[in-house]
Structure formats: structure tokens, C-alpha cells
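Contents: one structure, followed by commentary.
The values are calculated or read from the model by the stated rules, or taken from the named source; none is laboratory data. Predicted model, so just to flag it, every value in this text is computed and none were measured. Positions of Cβ are generated from backbone atoms using ideal geometry, with glycine treated the same way; all protein chains shown enter the neighbour counts. Only protein heavy atoms, including side chains, enter the accessible area calculation; ligands, DNA and RNA are left aside. Shrake-Rupley method; radii C 1.70, N 1.55, O 1.52, S 1.80 Å.
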Amino acid sequence: MTWLRRQPAWVTVSLSFGLLLLVWQLVVLVGAYDAFILPGPLDVVRQFGVVLVDGRLLRHSLITLSEVIPGLLIGAGISLPLGYLLAKSPLAERLISPYLIASQAIPVIAIAPLLTIWISSTFWARVLVAVLVVFFPVLINIIAGLRSVPQELYELMQSLHATRWQIFRKLEWPAALPIVLAGLKLGATLSVIGALVGEFVQPRTEGLGYLLITARYQFKTDLVFVVLFTLAGMALALYGLVTLAENRLLRWQKNQ
Amino acid sequence: MNQEPFLTAQNVSHLFGEQQKVLANLSFGLPAGGFTALVGPSGVGKSTLVRLLAGLLRPSSGQIQYANNQPPSIGLMFQKDNLMPWRTAYENVRLPLEIQGVAEGVADTAVRQMLDLVGLNDFAQSYPAQLSGGMAQRVALARALVHRPSLLLLDEPFGALDALTRERMGQELLRIWAALPVTVFMVTHSIQEAVLLADEVMVMGGQPATIVARIQIALPRPRRIEMIGSKQFQECAGAVRLAIEEKVIG
Ligand SMILES: Nc1ncnc2c1ncn2[C@@H]1O[C@H](COP(=O)(O)OP(=O)(O)O)[C@@H](O)[C@H]1O
Ligand SMILES: [Mg+2]
């Protein structure tokens with residue numbers, strides 16, 4: 001145990017993942033399931049090789065990614081000014097927040113079909129679904145971040161006759177950044193879900209969502225698993241990117 | 001010391017909302033270059049007065065006038081250090097100069113001088129989380145003074161420090177005050193601290209609050225911690241205590 005605790009993260013992650021694969025393979029062997037019910041890891045790896053070589057995996061992944069990234073950026077981009085407005089203006093908060101909260105009671109999967117009716121572009125309809133999913137948690141974190149700024153620091157800035165922009169740039173933004181980045185991490189993983197939901201309601205011949213649906217219809221359960229792992233990998237990669245940005249931007253936290 | 005008033009408050013009253021009257025008809029002057037301390041019970045309105053003097057609040061009625069009719073540049077310091085955790089000590093001290101758009105080279109010199117004055121040159125590159133409470137308050141003091149304000153407002157600045165550090169910081173503050181042409185107004189809970197540091201101690205009490213007593217402290221300068229034992233010190237402290245007991249509590 002102490003040996004395990006001393007290992008770097010990549011060793012422990014590889015070990016636990018290896019263990020998971022082992023258990024999975026054992027379940028398949030002992031239960032003797034048909035491949036279309038529960039394929040073993042080896043089947044999945046084989047299928048992974050097939051779709052990798054014939055280029056399908058990359059093509060569909062890139063299409064999904066091309067929806068995920070604008071979804072994340074636009075979602076965060078809208079939350080930022082809106083969050084600032086809501087945090088700063090009690091009136092705006094009273095007017096807008098009931099709708100925002102009510103909107104969260106409606107599952108995106110229920111609105112998504114409407115969006116595909118209203119928006120003729122497949123691409124933009126899917127991006128919009130991702131935006132809707134990303135938007136709220138990022139917004140909440142931006143508001144929480146801005147609210148975390150101590151009143152006395154505002155007073156200090158005012159006593160120095162700081163401009164609104166200086167207060168934002170030198171106080172509010174850096175003070176809110178840790179919480180905003182935490183929201184962005186959440187948003188990064190949610191954007192993948194959002195894009196996938198968008199693809200489910202509009203499964204034209206492209207995207208990982210399309211690949212997933214066709215694989216399921218054809219009982220290619222091993223391909224379903226390949227897609228699931230790819231989605232998870234995509235979410236992890238985006239999460240990692242935000243973490244990387246976090247490490248750079250919040251270097252001061254390392255010194256505590 | 002120059003006795004010309006640096007700041008004059010005339011019949012200053014303050015209400016929060018329509019109903020809650022916190023300060024009633026305060027009239028007093030702060031001598032230029034002087035050191036005035038304000039004592040009074042919690043919640044009486046001391047911080048409100050500091051905010052009025054800082055120009056962060058407008059008095060509901062009455063006036064605060066300054067020598068040469070110009071609002072002074074202000075240095076502000078609270079009980080909490082309120083340092084920005086993402087800035088080093090150096091960068092924290094530089095903040096007021098950045099806001100005023102002071103050229104980088106000039107700012108650098110001023111920041112280094114200030115850090116020198118509070119004895120923290122070796123910790124310029126430390127982050128607030130790496131500093132002790134006393135060191136963090138010294139950085140906050142350097143930040144409050146780096147832009148050479150003419151009025152330094154201290155709201156219970158050493159209230160969160162242990163007794164020994166607190167005494168040292170008081171002495172430090174006196175040394176810095178002597179080195180700079182700045183008028184000091186300090187809120188404190190400690191009668192002893194008020195008497196040891198200030199030229200005059202104002203006592204605030206009542207609801208709404210007024211200045212119930214102003215006690216001149218004629219102890220010679222430089223003031224040393226040992227003076228606390230002297231008869232003259234005890235008399236001054238006794239007078240402040242009496243004013244509080246008779247007019248605030250009693
Ligand atoms: N922004 C505010 N709005 C409403 N009431 C306030 C505000 N600030 C202070 N008060 C009230 O004014 C009174 C004096 O507060 P304060 O000046 O902070 O007292 P002190 O600093 O002497 O402890 C308190 O009753 C407090 O609740
Ligand atoms: Mg107070």
C-alpha cells in the first residue's frame with residue numbers, strides 16, 4: 001500500500017485500468033456471454049483497430065470534436081458577461097435568474113428535438129445543444145467566483161479611484177479565476193455529452209453519436225464500447241487541457 | 001507638529017437606509033501630520049466613520065472638509081490584511097501605483113523603498129500564504145503607504161495579531177509615521193494601544209453615536225513600550241477608561 005502511494009499518477013491509473021480490464025475479461029469468460037451482449041476487452045481492442053485503420057473512428061471523432069469545442073467556447077463565452085451582469089446587478093438577477101433556473105428543470109434531451117426543427121443547419125443545432133449544457137454550470141461558477149471577492153478589497157480599489165476596468169482586471173478576474181476554471185472543467189466534460197445529445201436527435205451520417213446508434217442497430221456491441229471509450233477519452237483530454245491552463249494561470253497556488 | 005487642521009468634520013451624521021441612524025452630529029478636526037486614535041464598543045459606528053473619511057460613503061448630512069479643499073489621497077488598512085493571494089508581496093505593494101498609472105521604473109523604486117521601510121525586502125517574492133500574520137500586515141501597511149497618501153486610515157489594523165507582534169507593529173507604525181508626512185487616523189479596541197501611539201484619543205459612544213470625549217495624550221515622543229508603566233501613561237489611560245465607563249457604558 002505504501003509502495004502504491006509513492007507511485008506517480010500515471011502508474012496508479014495504469015494499474016487500476018489494467019485491473020478493470022482484467023475483471024471485465026474474467027466476467028466475460030466466466031459468464032460466457034455472447035459478444036453482442038457483453039464483448040470482452042480483446043474484442044473491443046480488435047474493433048478499435050478496425051475502425052482506426054479504416055479511418056471511420058478519426059473522421060467521426062473529428063466531427064464530434066468540431067461540435068464540442070465551439071459548444072464549450074460559445075457556452076463559456078456567453079456565461080462570462082452574463083455571469084458578470086447577474087453578479088453585479090441585483091435587478092438583472094431578479095429579472096433573469098428565475099428563467100435560468102426553470103430552464104434547468106427541463107432536460108436538454110427534451111429541447112433538442114425542437115432545436116433541430118428551428119435550426120436547419122445540422123452543425124449549429126448540435127453546437128447549440130452543447131452550448132445549452134455547458135452554459136449553466138459555468139455561469140453558476142462565474143457568479144460564485146465574483147461573489148467571493150471580499151468587500152474590503154473593493155473599498156481599497158475605490159479609495160484608490162480605480163476604474164471599473166481596473167477593478168475587473170486587477171481584482172475581480174484574478175479573484176474569480178480559480179472558481180471559473182473549476183466550472184470550465186465541468187463544462188469541458190459536459191460539452192461532450194451535449195454534442196452527443198445533439199447528434200442523437202439528429203443522427204445524420206456523421207459524428208460519434210451516429211456511429212454509436214448504427215453500431216447498436218447492427219448489434220456491434222464492441223463498436224459501441226469503442227465509441228464510449230473514445231467519448232470518455234475526449235472528455236478526459238478536454239479536462240486535461242483546462243487543468244493545464246489552470247496550472248499555468250494559478251501558479252501562485254503552488255506556493256502555498 | 002503642525003496644528004492646522006488637515007481635516008474638519010462638521011455636524012456629520014450618517015444613516016443606513018431611512019431609519020437606522022448610526023452617527024449623529026460628529027464634529028472634530030484631525031491636525032495635519034497628527035496621530036488620532038478612535039476607541040469605542042463594537043458596532044458603534046467606527047468603521048462607518050472610517051468609510052466616511054475615506055470618501056467611500058457620503059455623509060447623510062454635515063460636511064467633511066479638507067485643507068486646501070481637495071480630497072486627500074488615502075491609504076487604507078483593515079484588520080484583515082486583504083492581500084491578493086495571487087500577487088507576491090512586491091506585486092501587492094505595487095497595486096496602488098499600477099492603478100495610478102505610475103511609470104514602471106518609478107514604481108519599482110517606490111515599492112522597494114516601502115518594503116525596506118517595513119523590513120520585508122527579503123520577502124518581496126513571497127506570496128501572502130507564505131507570510132506570517134505580522135508580515136502580511138506589514139505588507140498591507142506598505143501597500144497603504146506606497147503611493148504616499150496624505151491620510152492613512154487604519155481600521156483595527158493589528159486586531160488579529162498576537163499581543164507581542166501587536167506591540168512591535170505599533171512601534172513600527174510610529175517609526176514609519178515619523179518618517180513620512182502623513183496624517184494618521186486609527187481605530188482600535190485597545191485603550192493601551194491608543195494611548196501609547198496617539199496624540200489624541202477620541203471616544204465614541206451612544207446610539208446614534210457621538211464623540212463623547214477627546215483626550216489629549218501629552219506623553220513625550222518617541223514613545224516606547226516601557227512608558228506603559230509610567231504614572232503619566234496610567235493617568236491618560238485612566239482618563240480614557242473613565243470616559244468609556246461614564247459616557248458609553250454607564
Ligand atoms: N452597509 C451597511 N448597511 C447597513 N447597516 C450598516 C452597514 N455598515 C454598518 N452598518 C451598521 O452600522 C452600525 C455600525 O457599524 P460599524 O461602523 O461597522 O461599527 P464598528 O466599526 O464600530 O464596530 C452597526 O449597527 C452596523 O450593523
Ligand atoms: Mg469596525
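When you go through (1) more than 30 Å from A:S61 (Cα to Cα); (2) in contact with a Phe, Trp or Tyr (Cβ under 8 Å, 6 or more places away or on another chain) one by one for A:A176, which number turns out not to apply?
Condition (2) is where A:A176 drops out.
If you go through region B:84-91 one residue at a time, do you hit one that is more than 16 Å from ligand 1 (Cβ to nearest atom), within 14 Å of chain A (Cβ to nearest Cβ), surrounded by 18 or more Cβ atoms within 10 Å (Cβ to Cβ) and of a type in the set (S, T, N, Q)?
yes
Of the residues in region B:155-190, how many are among the small types (G, A, S) and either within 16 Å of ligand 1 (Cβ to nearest atom) or touching a strand residue (DSSP E or B) at 6+ places or on another chain (Cβ under 6 Å) (or both)?
3
Among residues belonging to region A:150-165 that are buried (at least 18 other Cβ atoms within 10 Å of the Cβ) and in a helix (DSSP H, G or I), point out the one that is farthest from the other protein chains (Cβ to nearest Cβ).
So in region A:150-165, the residues buried (at least 18 other Cβ atoms within 10 Å of the Cβ) come out as A:153, A:155-157, A:159-160, A:162.
Remaining after also requiring in a helix (DSSP H, G or I): A:153, A:155-157, A:159.
On the way: A:L153: 5, A:E155: 5, A:L156: 5, A:M157: 7, A:S159: 5 Å.
Across region A:150-165, the extreme among qualifying residues is A:M157.
Quick one: how many residues across region B:1-56 are assigned to a loop (DSSP other than H, G, I, E, B), crowded, with 16+ Cβ neighbours inside 10 Å and away from ligand 1 (no atom under 16 Å from the Cβ)?
The total comes to 3.
Any residue in region B:165-177 that is more than 22 Å from A:L171 (Cα to Cα) and small (G, A, S)?
For region B:165-177, residues more than 22 Å from A:L171 (Cα to Cα) and small (G, A, S): present.
If you take just the helices (runs of 4 or more DSSP H) that sit entirely in region B:57-155, which of them hold at least 2 residues that are in the same structural domain as B:L30 (by TED's automatic domain parsing) and free of Cβ contacts under 8 Å to residues at least 24 places away in the same chain? Show your work before the answer.
Values: elements: B:89-99, B:104-117, B:133-145.
Output list is empty.
Within 14 Å of chain B (Cβ to nearest Cβ), part of a helix (DSSP H, G or I) and under 22 Å from the mean Cα position of the chain (by Cα): which single residue out of A:A125, A:A176, A:A130 fits that description?
Numbers: A:A125 fails: within 14 Å of chain B (Cβ to nearest Cβ); A:A130 fails: within 14 Å of chain B (Cβ to nearest Cβ).
Just a single option satisfies the conditions, and that option is A:A176.
Which of the residues spanning region B:45-79 are within 10 Å of ligand 2 (Cβ to nearest atom) and touching a Pro at 6+ places or on another chain (Cβ under 9 Å)?
Within region B:45-79, B:G45, B:F78, B:Q79 qualify.
Looking at region A:28-49, is at least one residue modelled with pLDDT of 95 or more and open to solvent by 90 Å² or more (accessible area, probe 1.4 Å)?
no
Can you name the number of the only condition in (1) free of Cβ contacts under 8 Å to residues at least 12 places away in the same chain; (2) closer than 30 Å to B:A124 by Cβ; (3) out of contact with any Phe, Trp or Tyr (no Cβ under 6 Å at 6 or more places or on another chain) that A:A245 fails?
(1)
Which residue, of A:T214, A:T189, is at pLDDT below 95, over 30 Å from B:Y127 (Cβ atoms), among the hydroxyl-bearing types (S, T, Y) and over 15 Å from the mean Cα position of the chain (by Cα)?
Values: A:T189 fails: over 15 Å from the mean Cα position of the chain (by Cα).
After applying the criteria, what remains is A:T214.
Give just the number: which of (1) without any contact (Cβ under 8 Å) to a residue 40 or more places away in the chain; (2) assigned to a helix (DSSP H, G or I); (3) of a type outside the set (D, E) does A:L211 not satisfy?
With (1) without any contact (Cβ under 8 Å) to a residue 40 or more places away in the chain; (2) assigned to a helix (DSSP H, G or I); (3) of a type outside the set (D, E) applied to A:L211, the lone miss is (1).
Can you pull out every residue in region B:116-132 that is buried (at least 16 other Cβ atoms within 10 Å of the Cβ) and either within 14 Å of chain A (Cβ to nearest Cβ) or closer than 15 Å to B:R148 by Cβ (or both)?
B:L117, B:V118, B:F123, B:A124, B:S126, B:Y127, B:P128, B:L131
With the structure loaded, tell me whether A:I167 is at pLDDT 95 or above and among the β-branched types (V, I, T) or whether it fails that test.
Numbers: at pLDDT 95 or above: yes; among the β-branched types (V, I, T): yes.
Criteria met by A:I167.
Please enumerate the residues belonging to region B:208-229 that are surrounded by 13 or more Cβ atoms within 10 Å (Cβ to Cβ) and either outside the structural domain of B:K21 (by TED's automatic domain parsing) or of a type in the set (S, T, N, Q) (or both).
Listed by number, the list holds a single entry, B:T210.
Identify all residues within region B:57-83 that are within 14 Å of ligand 1 (Cβ to nearest atom) and hydroxyl-bearing (S, T, Y); write none if there are none.
Answer for region B:57-83, where residues must be within 14 Å of ligand 1 (Cβ to nearest atom) and hydroxyl-bearing (S, T, Y): just B:S60.
Within region B:161-175, can one find any residue that is of a type in the set (K, R) and not assigned by TED's automatic domain parsing to the domain that holds B:L53?
No, the conditions are met nowhere in region B:161-175.
Examine region B:133-145 for a residue that is at pLDDT 95 or above, within 16 Å of ligand 1 (Cβ to nearest atom) and within 14 Å of the chain's Cα centre (by Cα), and state whether such a residue exists.
No, that holds for no residue.
Looking at B:A24, B:A32, which is the one that is more than 16 Å from ligand 2 (Cβ to nearest atom), under 13 Å from B:T210 (Cα atoms) and over 13 Å from the mean Cα position of the chain (by Cα)?
Selected residue: B:A24, the only one of B:A24, B:A32 that is more than 16 Å from ligand 2 (Cβ to nearest atom), under 13 Å from B:T210 (Cα atoms) and over 13 Å from the mean Cα position of the chain (by Cα).
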